[in-house]
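Some notes on the structure that comes next.
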């Protein structure tokens, strides 16, 4: 096994990917990292991601975190894609502690944050009902100039409305409006709830009306298609 790994990482090919995918346990991962440390000759982002994925599959998370080190002895070029594999594991297991460990490594090793990273992190904070963590990391993503996806804004605004943090809700809504014009169902209902919490039922009703009209417009082509199909 050692000789095959040695040969494959010297010239990455189909066997390389197959070998990495077939790392089933911690012992396989340990062997893989031993070989990489001895070679330290390649600089391959895709290989780094595949190795990280294998670490997650084998639940050798401590090795997976090593793939994020900027200065490592394995020849890896750390990427945010590799980090997202680890964060996805944290999401699937609702493990906010592991998520924080990964986020610390991203900061320490100067890995740029991405919108997809925010989607995963915000989702973990929501799943673990941790508003404090969401507040902390949302500030970090915004400070780093990350253009958040609709899904991230929805989670952020819905959580703010749920905990009654009106100030955060409106700040987030202002930020959302800078990058997208129309509401999603999630952001629209969050704003409506915000108005209700402020004792402004008329404003809440207006938001719901506008949201309803937008949804009707979006559904019109689908309805026409269904009618034509019946004809």
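What the table shows:
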| item | result |
| --- | --- |
| Residue within the stretch 41-53 that is at pLDDT 90 or above and surrounded by 14 or more Cβ atoms within 10 Å (Cβ to Cβ) present | yes |
| Positions within the stretch 179-200 being part of a loop (DSSP other than H, G, I, E, B) and under 14 Å from residue 160 (Cβ atoms), in sequence order | 198 |
| Count - residues of the stretch 1-27 that are at pLDDT below 85 and part of a helix (DSSP H, G or I) | 17 |
| In the stretch 57-72, residue surrounded by the most Cβ atoms within 10 Å (Cβ to Cβ) [restricted to those that are touching a helix residue (DSSP H, G or I) at 6+ places or on another chain (Cβ under 7 Å), assigned to a loop (DSSP other than H, G, I, E, B) and in contact (Cβ under 8 Å) with a residue 24 or more places away in the chain] | 68 |
| Residue 96 vs. criteria without any contact (Cβ under 8 Å) to a residue 40 or more places away in the chain, assigned by TED's automatic domain parsing to the domain that holds residue 68 and closer than 24 Å to residue 169 by Cα | yes |
| Helices (runs of 4 or more DSSP H) wholly inside the stretch 73-130 containing at least 2 residues that are under 14 Å from the mean Cα position of the chain (by Cα) and modelled with pLDDT under 95 | 80-92 |
| Number of positions in the stretch 164-180 that are closer than 15 Å to residue 148 by Cβ and free of Cβ contacts under 8 Å to residues at least 12 places away in the same chain | 4 |
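The values are calculated or read from the model by the stated rules, or taken from the named source; none is laboratory data. Bear in mind the structure is a predicted one, so any value in this text is a computation, not a measurement. Note that we place each Cβ from the backbone using ideal geometry, even for glycine, and neighbour counts take in every protein chain shown.
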